[in-house]
Every structure is written in C-alpha cells, then in structure tokens.
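Report on one structure; see the data block that follows.
The values are calculated or read from the model by the stated rules, or taken from the named source; none is laboratory data. For clarity, every value in this text was computed on a predicted model and none was experimentally measured. Methodologically, a virtual Cβ is constructed for each residue, glycine included, from the backbone with ideal geometry; neighbour enumeration extends over all protein chains shown. Keep in mind that these areas ignore ligands, DNA and RNA; they rest on the heavy atoms of the full protein, side chains included. Shrake-Rupley method; radii C 1.70, N 1.55, O 1.52, S 1.80 Å.
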Amino acid sequence: MTNPLLVLADHAASWRAREMPADVAHHARRVLVDWFAATLPGCPRPPATLIAAALEDETRGGGGAVCYVTGRRVPLRHAALVNGTASHTVEFDDIYRYAVYHPGCPTIAAALAAAQSRGTEMEALLRAIVAGYEVSCRIGVAVQPSHYDFWHTTGTVGTFGAAAAVAVLLDCDADRTAHAIATAATMAGGLQQAFRGEGMSKPLHPGHAAEAGALAAMAAARGMTGALDVLHGPAGFAAATSEDTGKWDKALAGIGKPYAVTDMTVKNHGCCGHIFAALDAVRDLQVEHGFKADDVAAIAVGGYKATKDVCDRVDARTEQDCRFSTQFTVATMLLHGGVRLAAFEPERLTDPAIRALMPKVTVAIDPECAAAFPSKRSAKVEIRLKDGRVLNRHQHTRKGDPDAPLTDRDLSDKFLELTSDVIGATQAKALLAQLWEGNALPGIVPLVAHAARAAE
C-alpha cells in the first residue's frame with residue numbers, strides 16, 4: 001500500500017511553486033471571503049472573547065499575526081487559536097460535505113496567521129489555503145462516515161489542514177511537510193459530545209486545531225520528526241477514529257481533480273448544516289403554497305443519522321443549543337423567512353410564537369437520506385396544514401452546495417450582511433474589495449465594539 005501521508009505531503013509541498021489555475025485561485029479567494037464573513041461576527045462574542053481574555057497575560061510581547069478579536073498583533077499560535085475559535089462561533093463557516101468537515105475555520109486561521117507573521121503577499125496565502133484544504137479534506141474522506149459517530153471532524157481533521165498550510169508558508173519541502181502532518185495527527189482532537197448538549201467548547205475545536213497544526217509545522221520546519229505511518233498504521237489516526245484503517249484509495253483518487261477548494265459548500269443559514277436541507281424545503285413550500293406559521297398543524301422531517309442524533313432538540317434553550325435544533329430553526333424559518341444572526345438574539349430565543357411551533361416539528365431517520373450521506377445532504381419534509389392539506393418535498397441538496405452554489409454576488413452580500421454591523425459598513429466594503437482583488441494581506445480590522453469602548 002502506498003503511504004497516504006507521503007502522497008499528501010508531496011502534493012502539499014508542491015503548492016509552494018506549482019502553477020495555480022485561475023479558477024483555483026478564485027475559489028481560494030471565495031473561501032477567504034467566506035472565512036472573514038463567519039469570523040468577524042464571532043469576534044465580539046464568547047467563547048472567542050473568553051479565550052482571548054484567558055491568554056491576555058501571554059500576549060503582551062506582541063507579534064506579527066493579527067488577533068481579530070482584540071485588534072492586536074500577537075504571536076502566530078495565539079492568532080490561530082483565537083481567530084479559529086471566532087470563525088466557528090456563529091455557524092456560518094464553509095463545508096466540505098464528503099468529509100463532514102468545515103475546513104476554513106482551522107486552515108485559514110492558521111494560514112493567515114503564518115502569512116502575516118512571515119510578511120508574505122496574498123498569493124502565498126492562497127497557495128497555502130489550497131494545500132491545506134487538499135490534505136485535510138482528503139483525510140476526512142478516508143475516515144468518514146464512521147469518524148463522525150464520536151469525533152468532530154473540524155477539530156480532528158482540521159489539524160492536518162492547518163499543518164499543511166503553515167508548512168507551505170514556512171517553505172517546508174515534502175519531507176518536512178510529511179513530518180508536520182505526522183506530528184499534527186497525534187495532537188488532533190474534538191469530541192461530538194461537546195456539541196450534543198450545552199456548553200461553549202465546540203468553537204474551540206477549530207481554534208485548537210489551528211494552533212496545534214501550526215505548532216506541528218513550526219516544529220517540523222526546525223527538524224522535528226513524526227511517525228510517517230501515523231495515518232494508516234494499525235494504531236494510527238484512521239484506526240483510532242473510524243471503523244477501519246482508512247479508505248485511502250477513495251481519498252487519494254485523482255488528487256487535485258477537482259481540487260477540494262473548488263468543491264465547497266457556502267452556508268446560507270446560520271446554524272448546523274445538517275438542518276439546511278429541511279430549512280430549504282420548508283422555505284420553498286411556504287413560498288409556493290402561501291401558508292403562514294399559524295396554519296401549520298405538524299411538520300415531519302426525515303433526514304440522515306446526524307440530523308436525528310445531533311439536531312433533534314425539541315426543548316433547546318441556549319444560543320448554542322438552538323443553532324443545533326431542527327425544531328427551533330424550522331419554527332424560525334416559518335415565522336421570519338430566514339435563519340441568520342438575528343435568529344439567535346435573546347428575544348428570539350424566548351419568543352412565545354417560536355416556542356409554540358417547536359413541539360409541532362418531529363425528526364426521524366429516513367433510509368433514503370441516510371443511504372445518500374455524506375455525499376448528499378438531503379431531507380424529506382412533510383407539512384400538515386390545519387385545513388387538511390399535506391405538502392411534501394424531497395430536498396436532494398442544499399442551497400450553497402456545489403450543485404446549487406451561491407454566486408460571487410451572493411457571497412459578497414453574505415459578507416456585507418454579517419460584517420457591516422461588526423466593523424462598520426465602509427470598512428466592510430473596503431475589506432471585501434481587498435479580499436477579492438488585493439495583493440496585500442488583510443491587517444488589523446477594528447471592531448465597532450472596540451471603538452465604542454475606547455470612546456467611553
């Protein structure tokens with residue numbers, strides 16, 4: 001058997017200098033735009049603010065990377081950790097559906113911190129992003145779907161994305177990139193139980209992955225070695241976190257065809273992606289048939305295993321819990337026509353109208369949807385109205401998936417919607433233009449909340 005780690009390391013290292021097709025560069029900019037769209041609204045919120053406060057005493061010496069939560073220059077690993085945590089807080093981050101994975105959170109958090117610390121230009125960052133997505137998304141494919149029974153892929157596999165991306169920026173050759181990936185494997189972690197109930201630790205998973213992957217690459221660049229059979233060995237990553245030693249033939253088939261970064265899902269709702277297909281079906285049925293929330297007698301959602309195990313939360317109360325509740329988000333969609341940032345404000349979390357609708361929504365596993373997972377994220381929705389009508393929809397994909405993509409304009413609109421209140425409309429437009437077209441890396445982006453506190 002070909003050693004999958006060596007194949008991936010060789011491919012990642014090649015991104016230091018290989019030709020980058022124009023469409024790949026464009027998609028790398030797309031995921032960078034999307035990362036900032038998800039990250040900036042997470043910056044003024046816990047747990048990112050709490051992690052930044054916990055590290056306050058360790059960051060007074062400064063550094064070359066930007067911590068977007070505090071607006072300060074900090075060491076690489078600090079920026080990777082805090083920005084990675086912020087990027088996963090409001091649940092608007094990208095998805096590689098075949099790996100059940102959010103690659104942008106850990107990969108871009110680490111890559112951007114490394115690029116800023118090294119003083120590179122945009123092209124180097126884009127190359128690192130492509131490499132990190134390639135490595136981590138393919139490792140994710142190798143261990144799914146069983147990996148997702150217990151592990152949070154963004155915390156585990158994300159460590160490899162961060163390691164590969166930072167290794168590229170540190171100009172590691174294939175050998176040292178392999179050791180970066182190998183060392184990252186033994187620091188990967190993130191448990192499903194962390195988000196099956198209440199608590200703030202889920203966003204910390206990609207933050208930790210970004211920091212651990214960056215450290216692995218930094219150490220490998222200095223000569224530290226790792227176990228090069230750690231991905232596929234009998235006691236390695238795949239064996240420990242999935243049902244076998246990995247589906248490596250599938251994961252490595254046609255590497256770079258297509259590049260993972262060109263095959264991403266851009267989130268169109270601010271909640272768990274396992275609910276999206278149901279939300280799209282509910283929205284479309286309501287538009288087509290013109291009923292109101294008060295007209296609904298019952299809604300049955302059929303999905304795959306994660307839809308039931310992770311998102312069947314009929315009595316969700318906290319912001320974190322509600323982001324993973326099919327009942328809360330479906331009720332919100334019916335009443336407000338969308339599930340965006342406002343859906344999780346305190347007044348919405350206790351809204352009596354939403355609370356009255358939630359018990360009418362049930363969730364079950366549908367065999368056809370379950371068989372299609374993870375390649376398809378589908379749902380079957382049945383809505384029974386009080387006038388006796390029964391409306392059905394089999395939603396085969398989600399708006400934002402590669403087969404129903406958001407356009408560049410859609411993505412720009414999402415960015416401006418999510419960031420304008422956080423950094424100001426003028427600055428949001430300027431940053432967006434820089435991310436789409438600029439050659440220089442983005443720097444410090446002052447938050448409106450910081451400016452308001454400074455003026456007090």
Legend entry - Enumeration of residues in region 25-50 that are aliphatic (A, V, I, L, M), under 29 Å from THR177 (Cα atoms) and touching a Pro at 6+ places or on another chain (Cβ under 9 Å): VAL31, LEU32
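A quick yes/no check of all residues on (1) closer than 23 Å to ALA235 by Cβ; (2) open to solvent by less than 10 Å² (accessible area, probe 1.4 Å); (3) touching a residue at least 12 places away in the same chain (Cβ under 8 Å):
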| site | (1), (2), (3) |
| --- | --- |
| ILE129 | no, yes, yes |
| SER136 | yes, yes, yes |
| VAL143 | yes, yes, yes |
| HIS147 | yes, yes, yes |
| PHE150 | yes, no, yes |
| GLY155 | yes, yes, yes |
| LEU170 | no, no, yes |
| ASP173 | no, no, yes |
| ALA180 | yes, yes, yes |
Inset, instruction - Would you please name the residue that is most open to solvent (accessible area, probe 1.4 Å), looking only at residues in region 380-422 that are more than 21 Å from the chain's Cα centre (by Cα) and of a type in the set (A, V, I, L, M, F, W, C)? - result: VAL390
Inset, instruction - Check region 94-108 and report whether any residue there is over 15 Å from the mean Cα position of the chain (by Cα) and open to solvent by 40 Å² or more (accessible area, probe 1.4 Å). - result: no
Inset, instruction - For region 269-291, indicate whether the set of residues that are modelled with pLDDT of 95 or more, farther than 15 Å from PHE373 by Cβ, open to solvent by 40 Å² or more (accessible area, probe 1.4 Å) and of a type in the set (A, V, I, L, M) is non-empty. - result: yes
Inset, instruction - Identify, by number, the condition in (1) of a type in the set (S, T, N, Q); (2) within 30 Å of ALA25 (Cβ to Cβ); (3) open to solvent by 50 Å² or more (accessible area, probe 1.4 Å) that THR225 doesn't meet. - result: (2)
Legend entry - Residue match in region 300-322 (condition: touching a Cys at 6+ places or on another chain (Cβ under 9 Å) and farther than 21 Å from GLY197 by Cβ): yes
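Checking the condition open to solvent by 10 Å² or more (accessible area, probe 1.4 Å), within 24 Å of LEU126 (Cβ to Cβ), at pLDDT 95 or above and not in a helix (DSSP H, G or I), which residue from ARG16, ARG30 passes? So that I can check it myself, show each step before the final result.
Details: ARG30 fails: not in a helix (DSSP H, G or I).
From the options ARG16, ARG30, the qualifying one is ARG16.
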Inset, instruction - Of the conditions (1) exposed (fewer than 14 other Cβ atoms within 10 Å of the Cβ); (2) in contact with a Lys or Arg (Cβ under 7 Å, 6 or more places away or on another chain); (3) not in a strand (DSSP E or B), ALA370 clears all except one; give me its number. - result: (1)
Inset, instruction - Output the residues belonging to region 268-306 that are under 14 Å from ARG323 (Cβ atoms) and not aliphatic (A, V, I, L, M). - result: HIS269, GLY270, CYS271, CYS272, GLY273, HIS274, PHE276
Inset, instruction - Give region 69-88 a look and list any residue that's open to solvent by less than 10 Å² (accessible area, probe 1.4 Å), of a type in the set (Ser, Thr, Tyr) and assigned to a loop (DSSP other than H, G, I, E, B), or say none. - result: SER87
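So which residues in region 52-68 are crowded, with 22+ Cβ neighbours inside 10 Å and either at positive phi or in contact (Cβ under 8 Å) with a residue 40 or more places away in the chain (or both), if there are any at all?
Start the filter on region 52-68 by keeping residues that are crowded, with 22+ Cβ neighbours inside 10 Å, which leaves 52, 65-68.
If the condition is that a residue be crowded, with 22+ Cβ neighbours inside 10 Å and either at positive phi or in contact (Cβ under 8 Å) with a residue 40 or more places away in the chain (or both), then ALA65, VAL66, TYR68 are the ones that fit.
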Legend entry - Candidates LEU435, LEU431 - the one that is part of a helix (DSSP H, G or I) and over 22 Å from CYS137 (Cβ atoms): LEU431
